[in-house]
Structure formats: C-alpha cells, structure tokens
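Here the structure is laid out as structure tokens; the discussion comes afterwards.
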Amino acid sequence: MDLFNEARKRQLEYTTRRHFLKKCTTGLGGIALASLMGPQYMFGSNNTQVNVNPLNLPHFLPKAKRVIYLHMAGAPSQLEMFDYKPTLQKLNGLDCPQSFLEGKRFAFIQGTPKMLGPQFNFKKYGQSGTYLSSLLPHFSEVVDDVAIVKSMHTDQFNHAPAQLLVQTGSARAGRPSIGAWVTYGLGSENENLPGYMVLISGGKNPSAGKNAWGSGFLPSEYQGVQCRNSGDPILYVSNPNGMSRDIRQKSLKAINDINESEYKEFNDDETLSRISQYEMAFKMQLSVPEVTDISKEPDYIREMYGAKQGEASFANNCLLARRLVEQGVRFVQLYDWGWDMHGTNKASSLNEGLQAKCDQIDKPMTALIKDLKQRGLLEDTLVVWGGEFGRTPMRENRGGIEMPFYGRDHHTEAYTIWMAGGGIKGGITYGETDEIGYYGIKDKVHVHDLQATILNQLGINHEKFTYNFQGRDFRLTDVSGHVVKDLLI
Amino acid sequence: MTFLLESNLYQFFGRFHAMIVHLPIGFISLALLFEIVSLKQKVELKPAISYAYFAGAISGIVAIILGLMLASGGGYNESTLNIHKWTAIAMTCISLLLFFIKRYQGKVYWVKRSYLFFVIAVTSLMFIAGHNGGNLTHGSTYLLEYAPTPIRTLAGLKPERKRITNLDSALVYQDVISVVFDAKCNVCHNADKSKGDLLLTTPENILKGGKNGIVLVAGDAENSELFRRITLDPEHKEFMPTEGRTPLTKEEVQLVAWWINEGLSFDKKLTDLNLTDRIKSSLQTVGIGLKKSFVESLDLAEIDNKIIEDIRAAGFKIKTVANNSNLLEVSYSVYNPEPISEEKMNQLLHARSNIIWINFSNIDLSPQVVSKLGQFENLTQLKIQNTNLDDEGLKALESLKHLEYLNVYGDAITDAGIESIKRLPALKKLYVWKTKLTPKGINRLTNELNGVEVFSGLE
C-alpha cells in the first residue's frame, strides 16, 4: 500500500518542468505555427465584427422581401386535396402490391394494407385547368395565382423530425429555423416589430415544439416571437399595474446605461444584443397591441377571412399575418394543427376530419392571397403552404386490422405544397407522381430544394449564406438543395 | 502469370506515367541549373551534374516503359504520339551520354568539343517531348485556349469566334452544343486524344462516331449511344464523362437530347427549332437568351457615402438593393413623427439616379414632396399607397419613364388621373383598389393600357 504511494510520489518528483516542456514540444510547436499563420487559426474564428450589413446580403436583386409560411402540422393528405389519381380509385380496396412495401418503413401500417382511392371529387379550375378537390371551393378561385408542387419528398416519416427538417433543414433539434436565418440575414423592415413572428391556431403546438422557430446557434434575438391568441399578444409586453410608461422608460434607460458601461468594460457583443432587446421591447409595447388588433379591420375584410375577434383560429392568424407583413415583418410563420388523418377516430378520418380542417383553412388562405394581391403585397411577399410529409395511397390498417374510419399513414415519397407571390409563377403545376401517387416520377423536389428556392427569392444564395459554429460553416440547406428554377418568373 | 497479359494491368501501371514523367524533367532541369552555376562560380559541381543526368536518364527509362504501357490502350493521335515517344527516347539517351561524359571526364577530343551541343539537344528535346505529352493529355488547343488574341494569331490559331448569346440569332451547334462538348467531352475526344476513336470537335467527326460505330441517331436521343452514356448512373463503368471529370448538368443533358431529337442540325438557328419554355430556361443556364431587365442594364457609379449619411440623417431609410449593387431603395418609417419636408426631399434628390425603389406608403406626403417624385429618372417601383396623393400628384409622376410598378391604392385619385397613368410607358402593374376611380374608369384603364395588369381589388 505505502510502497505504491511512495513509488507514485517518486515518479512525480522525477517529472520536472523540463520533462513537461520536453513532452510538450510538439504541441508547443503546433501552437507556435498556428500563431504564426494567423491568430484566427489558433482558437477557431470568432467573427464579432459589428457592421451595418456584415453579411453582404442580399446576394442579388430579390424578388420577395418577406415570407408567410403556412405550415399544416400533421401533414395534410395530398391525395384528397391536390394530387388527383383516378387509377387509385380503380384500385380501391385491392391489396397493396408487395413491391411497394418491401424495404419500407411506415409509422403504423402493418402487413398488407388495401389501396384507398381519393375520397373526394376532383375538378379542373381556373385558366390553368388545375385539378382541385371539392374540399377547397374557395381556393379554386386563386389557382391561377399559385404554383402547386406535387413532387415534394422528404427523409423523415415522423412528425417532429420531419417538421424540423422542413423548418430548420435538419431532422435533429438545434439548428436555426428558416425564419431565424432570414431575419439574421436580412434584418427587419420595421424597427418597432420583431422580424420573425410565429402564430399558432390554438389547439396543439407542432410536435417539433419551439425548436421549429428557434434561433439555434444564431444570436438569440433572431428566434421567432410567438404571438398569443388571448391576453397580451406577446407575454409581458404590457406594463404591470402601477407602472407607467414614463417610469418604464426611465428604468429601461437606467438598465441600458449600466449595460452600456458593462459593454465598455468587457466588450461582449451579447451585451449589445441585450440592450437592443430592451429597446425593442419598449417600442413593441406600443406597436404590438396596435398591429395585432384585428378589430381595426373593416367588417368586410374580417368577413373575407372568416376571422372572429378574440378567437384562436387559422383565419385570425391569416389576417394577422397580412397585417404584420404590411408593417414590414420579414417572416411570419403560421402553424395549424390536427392534419394527421390516420382514421383512428372521427376527427382524424379522411371523410369528416379532413373536411372540417379544410373548411377551417380554405377561406382564410384564399382571402390571404386575394388581400395581399389587392394591396400590391403579393408582388414581393412569398406565401408557402405545406405540411411536413404526405400520406400513403394505402389505407391505414393500424394493428393489421381494418379500422372504423378511413385514414392514411405517413408517407415521405410524395406530397404536395403550393407557393404564391414573391416571384413565383402563377397557375402552374410542377412535378408529377406515378399513377397512384406513391413516388414522384418527374421533377422531384426535396425539402432542401424548397428551402433553397425560398432563400433564392429573397435574394440569397443558399450555398453562400453560412454561419460559423463549432469550427465549421453551417447553412440552412447544409450540403444539398437546388433552386427549382422552373417555378420562378 | 496470366494476369500480366491482361491489358488492364498495363493500363494500371501506364497511368503512373503521368506522375513519373515529371521526374526526368526535374532532374535534367536541375543538371542544367548546375551547369549554369558552375560556369560562373568556382564551385565543384561535376559530380552533382553527372548524377543529375544519371537520375534523369533512369527516371526517363522508367517513364518511357510506363508511357509505352499507357499508349497500348490506344486513342491517341499517332503522329503526336510518335514525336512524343521518339523525342523522349532521344532525350533519355543523350542524358545518359552526358552522364558518361561528365563521369569519365570526356577524354576524347570530339566528345569534349560537342559537349555544349549535347546539352542544348537534351534541353530542346525535353521541351518538345514535354509539350507533345501535354498535347496528348489535354488536347492541342488547351495551352493557348485563353491566350490573348495577339498570341493566338502568332501561334497561327483562329481568333476566337465571338459566341452569340442572343436567343434570336444563336446557332444550335456552334453556340450551344459545341460549347457543351468543349467544356465536358473534348478533353478526351479531340484530335490528339480520341478516346474510343471518337472525336467531338467537328461536325464530320461527330457524325462519324467512334470505334463502335455512330453515336448519334438523328431524332432519337433514346437510341443514341452518346445520350445513353451521359445519362447512365454516374457510378456506372460506361458513364461519360469518365475518370471523375465534371458530368453534364441536368440542363446540358436536356439540351443535347433536344438537339438530337430536333434532327442533329449543325447549321440551324435555335429559333428554327422547336423552342419550348423549358428549353429556353435550360438555354439560359448555358448563357443563351439571358434577358437583361432595365434595372440590370443600369450601370451607375456608387453614391458617395457622405450623401447617403446625410439622407439617413434626414430620416430616410436607404440601402442598396443587393450586395455589390449601386442601386438604392428608399423608405420612410410610419413611426417617424416628422413628415417628409421639401428640404429632406432635396437631400434625397442628391442620389436620384441611383434610386430605383421608393416606398412612401402610409405616411403624409405634401404636394411639394410629391411634385419632386418625378425627378427620380430611374425609378421602377413606387409604393405610394394610403397617402394623400391626388390627381395633381399623379401628374408629377408622368416623367417616370421606367416606372414598372405603381401602387396608389387608398389614394384620392379619380378618373381625371387616368391620362397621367397612361403616360407611363414602362408600367406593368398598377394597384388602384380603394381609390375614387369609378368602375367605368377602371374599365378604361384595363382596356386602354396594353400590357398593364390593373389590380382594383374585390368587386
């Protein structure tokens, strides 16, 4: 016992500073070399330059200045709404061929499911002759203004990772969302409102949670600001009882003065962003209640959207989205919920649940396009509608049995989104799926391609828009993504 | 030992030729350097020189053996290959000879006298062999491809034909297909290195095909070998371009297919063929038919930073529309308690020609301010909705010759303002919702303004 300790002690005594330096020479040499080649290589670059436009954005002349992204969390069924498949109707009720099932993973489908034809009737609409189902009577009025992409595909078949992939470019949490990237790159056009706002139509939050509008490794001021449906639109934006706006101003001034001197002493940029956040919050006390008050809209506009004051609804949020972009908010993210039509109960059945959901969004999203158009905003506002994946051409058979309601399982290979405004062609349908809507067979568009296209419309080259974090450059589309040029005017 | 007979193994070793071949060049150059140094200085370099020649000769022999293996694969221009081969062999022999002369002090008289001749010979042979080797690998046009015209004429090459990039006059072969072939195929399929006996440099050779016959079937891309090869899976052994060279882009493949299906024309114009929208957009990716908008054609000097600062101080938000652009966009915050004054406008006018977008919506605009808007000669977009603009104000805008987008919704303009709007020659989009225009007036606008989209809102 003691012998062991003694040996250890002796050994430590032998290890002198000379030994240490001798053993470390290689490392020291490396450090010396790094400092010779430039100190920035020594500890990884830490670009803290403060500049009016440090990112040199936009890279080129933008077609769109702002984005409204309507995300239908749960994944709407493309086969009931947009992608008309008469052949699938003929195959209705037949066993699904094994070739479609081999090597595939589904969230719930087991064994051999039956094929399921479209549950609603389709008709051609508009000058473009675009197919739409009877679920979207209002939307049929604006088909000539939108581009429908039928060949979307994704990598993830569960909601949370798939939502993250759509919103942040990665299926794992921790990356900045597209709205954060855009506001980080382009800033806000309105100094009194946050550049990136998030509106949720009541009900459930998206399963990806707040990561879906997080700022990831970007400075925290670029994360999405969620607008609540009742009470203060933004938490703590109004003064507590007994606190007047004057006193608030004085106290903020005092805090900012202290922060100011703190910054002078330590030169930490996060202090600056803290100061700007306080200033922004003070300005928002006036501007946010103003812009979020839809009672200021005339009756016929509220009627057009189907918005009712004080309600938590997609309709209210569409109207709000228009009010926000009108004031120069850069990125407005809407989340609707309850689109996951598995057929386990009435509310998640294709026949009734989907009808109810479409009734909720059809009128407001149509009104949004029309309203943006008449105000001249559609010209430079990009509207994107879509879910996180599609739904199978097979009927879901959870547990291997026939379920009481009609439903479809999650499907990554093909789904439909649409885009409008902001330099996107109107009245076109892009991409094709096979006869039953299982695979995209022409002009496939991956989630990263969609993201690249959105950034492109804002004047951003998605390959050049990077942020250095943990020793490497990150971008929204990471190592993939191609701009879908055929969609652009 | 049968594996030695496999030609693949020959190719395997042969490809190291490209690496080893640089060694004799280096050694002989080194020897020459030493020769020059030993002329001037009294340094004893004889052994160094002799060993450099020796190393040059040995590596030369290895390179020649590998080179012969590589050449056995075929596909090289015979005469260039012969020059390359024999000059290289001669160079190696002389290098060896020089080694012996140096080593054994050249006691024989004629050897001593001709030493300089051999040095010059080995140098020239090295250049000739090296240049021809380069031609074999990269094609004879490679070296001077980007040379300035005087050098090209000196070398007896045609001055570069100026490529036509205008959609209406560009030729399908000369301006599109041959450009694609040159960029992606002709490194290996040229007069010096016709891999698979296929040359893609001239129409005759393209039609002639390669060692397995023709590669193009007019009107039938699907059955054309060339098309099959460029559309295979990139991992496939027969995929072209091979050896990890850059493949054709999706658009280039599409254009080649289109050219084949449209009948393999070598002299027709693009417009003589069936031009679909998709083909047009693919053509744009290879630089044909890029339309320049008015804004893109503007070439203006940067506005002085001092002027921009003054404009900012006056309360305007002003910034360039894109990075590396000198064009500016201007807006005025609705939260700014001070309305825009005449003086502020005068300040803004210092940057007038560079301003292409103005957003003065939702604020108070005095008639004096509006009257100055007509001076922004390059303005293409004016957002002036929900202001106190009236018919009188519209008159001030008549001088905006390049205005494409005009938003006056919510403004107090009436049918009397229609004449002013009609004087805007470049107008494409007009927003007149919630104005005092009568339905009749809006009808007039829609009917009388050709090519203008009029947005009057919901009925």
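Quick one: A:Thr416 ticks every box in (1) over 30 Å from B:Val454 (Cα atoms); (2) at pLDDT 95 or above; (3) part of a helix (DSSP H, G or I) bar one, so which box is it?
If we test A:Thr416 against (1) over 30 Å from B:Val454 (Cα atoms); (2) at pLDDT 95 or above; (3) part of a helix (DSSP H, G or I), just (3) comes out false.
Which of the helices (runs of 4 or more DSSP H) found entirely inside the stretch A:286-380 contain at least 3 residues meeting this: within 14 Å of chain B (Cβ to nearest Cβ) and either of a type in the set (Gly, Ala, Ser) or under 29 Å from A:Tyr184 (Cβ atoms) (or both)?
On the way: elements: A:299-305, A:314-326, A:353-374.
In the stretch A:286-380, the matching helices (runs of 4 or more DSSP H) lie at A:314-326, A:353-374.
When you check A:Val483 against the structure, is it under 19 Å from A:Gly179 (Cα atoms), in contact with a Ser or Thr (Cβ under 6 Å, 6 or more places away or on another chain), within 14 Å of another protein chain (Cβ to nearest Cβ) and of a type in the set (Val, Ile, Thr), yes or no?
On the way: under 19 Å from A:Gly179 (Cα atoms): yes; in contact with a Ser or Thr (Cβ under 6 Å, 6 or more places away or on another chain): yes; within 14 Å of another protein chain (Cβ to nearest Cβ): yes; of a type in the set (Val, Ile, Thr): yes.
The answer is yes for A:Val483.
Mind telling me which of the residues A:Pro240, A:Pro206, A:Pro233 ends up being within 14 Å of A:Val332 (Cβ to Cβ), assigned by TED's automatic domain parsing to the domain that holds A:Tyr335 and part of a loop (DSSP other than H, G, I, E, B)?
Details: A:Pro240 fails: within 14 Å of A:Val332 (Cβ to Cβ); A:Pro206 fails: within 14 Å of A:Val332 (Cβ to Cβ).
Selected residue: A:Pro233, the only one of A:Pro240, A:Pro206, A:Pro233 that is within 14 Å of A:Val332 (Cβ to Cβ), assigned by TED's automatic domain parsing to the domain that holds A:Tyr335 and part of a loop (DSSP other than H, G, I, E, B).
Each row is one residue, and each column tells you yes or no for (1) out of contact with any Ser or Thr (no Cβ under 6 Å at 6 or more places or on another chain); (2) surrounded by fewer than 16 Cβ atoms within 10 Å (Cβ to Cβ).
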| site | (1), (2) |
| --- | --- |
| B:Ala55 | yes, no |
| B:Val62 | yes, no |
| B:Ser72 | yes, yes |
| B:Leu97 | yes, no |
| B:Arg113 | yes, yes |
| B:Val119 | yes, no |
| B:Ala129 | no, no |
| B:Ser140 | yes, no |
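Could you please give the count of residues in the stretch B:165-188 that are part of a helix (DSSP H, G or I) and either of a type in the set (Phe, Trp, Tyr) or within 22 Å of B:His138 (Cβ to Cβ) (or both)?
Filtering the stretch B:165-188 down to residues part of a helix (DSSP H, G or I) leaves B:172-184.
If we keep only those that are either of a type in the set (Phe, Trp, Tyr) or within 22 Å of B:His138 (Cβ to Cβ) (or both) too, we end up with B:173, B:177-184.
Residues meeting the conditions: 9.
Being assigned by TED's automatic domain parsing to the domain that holds A:Gln89, farther than 25 Å from A:Pro137 by Cβ and touching a residue at least 24 places away in the same chain (Cβ under 8 Å) narrows it down to one of A:Gly427, A:Gly390, A:Gly400, A:Gly407, so name that one.
Numbers: A:Gly427 fails: farther than 25 Å from A:Pro137 by Cβ; A:Gly390 fails: farther than 25 Å from A:Pro137 by Cβ; A:Gly407 fails: farther than 25 Å from A:Pro137 by Cβ.
One residue alone meets the criteria, A:Gly400.
Any idea which residue in the stretch B:258-290 is surrounded by the fewest Cβ atoms within 10 Å (Cβ to Cβ), counting only those that are under 24 Å from A:Leu487 (Cβ atoms) and β-branched (Val, Ile, Thr)?
Of everything passing the filter in the stretch B:258-290, B:Thr276 is surrounded by the fewest Cβ atoms within 10 Å (Cβ to Cβ).
Anything in the stretch A:470-484 that is charged (D, E, K, R) and either surrounded by 20 or more Cβ atoms within 10 Å (Cβ to Cβ) or not assigned by TED's automatic domain parsing to the domain that holds A:Ser170 (or both)? List them, or say none.
As a first pass, look at the stretch A:470-484 and keep what is charged (D, E, K, R): A:472-473, A:475, A:478.
Correct list: A:Arg475 only.
Could you list, in sequence order, all residues of the stretch B:11-22 that are in a helix (DSSP H, G or I) and touching a Gly at 6+ places or on another chain (Cβ under 8 Å)?
From the stretch B:11-22, those in a helix (DSSP H, G or I) are B:11-14, B:17-20, B:22; that's our starting set.
Within the stretch B:11-22, B:Gln11, B:Gly14, B:His17 qualify.
Picking from A:Thr392, A:Thr429, which residue would you name as being in a strand (DSSP E or B), over 20 Å from the mean Cα position of the chain (by Cα) and surrounded by fewer than 21 Cβ atoms within 10 Å (Cβ to Cβ)?
On the way: A:Thr392 fails: surrounded by fewer than 21 Cβ atoms within 10 Å (Cβ to Cβ).
None of the other options fit; the residue is A:Thr429.
Counting just the residues of the stretch B:433-452 that are in a loop (DSSP other than H, G, I, E, B) and within 14 Å of chain A (Cβ to nearest Cβ), which one comes out farthest from B:Thr387 (Cα to Cα)? It would help to see each step written out before you state the result.
The first filter runs over the stretch B:433-452 and keeps only residues in a loop (DSSP other than H, G, I, E, B), leaving B:433-438, B:449-452.
From what is left, the residues that are within 14 Å of chain A (Cβ to nearest Cβ) are B:433-435, B:437, B:452.
Values: B:Trp433: 13, B:Lys434: 12, B:Thr435: 11, B:Leu437: 16, B:Val452: 23 Å.
My answer is B:Val452.
Under 9 Å between Cβ atoms, at least 6 apart or on separate chains: pull out the pairs that start in the stretch A:315-342 with a residue that is in contact (Cβ under 8 Å) with a residue 40 or more places away in the chain and farther than 20 Å from A:Ser295 by Cα and end on any residue that is aromatic (Phe, Trp, Tyr) and in a loop (DSSP other than H, G, I, E, B).
Partner pairs satisfying both residue conditions: A:Met341/A:Phe405; A:Met341/A:Tyr406; A:His342/A:Phe108; A:His342/A:Phe405.
The values are calculated or read from the model by the stated rules, or taken from the named source; none is laboratory data. Predicted model only: the values in this text are computed from it and were never measured. Because the Cβ atoms are built from the backbone with ideal geometry, glycine has one as well, and the counts that use them run over all protein chains shown.
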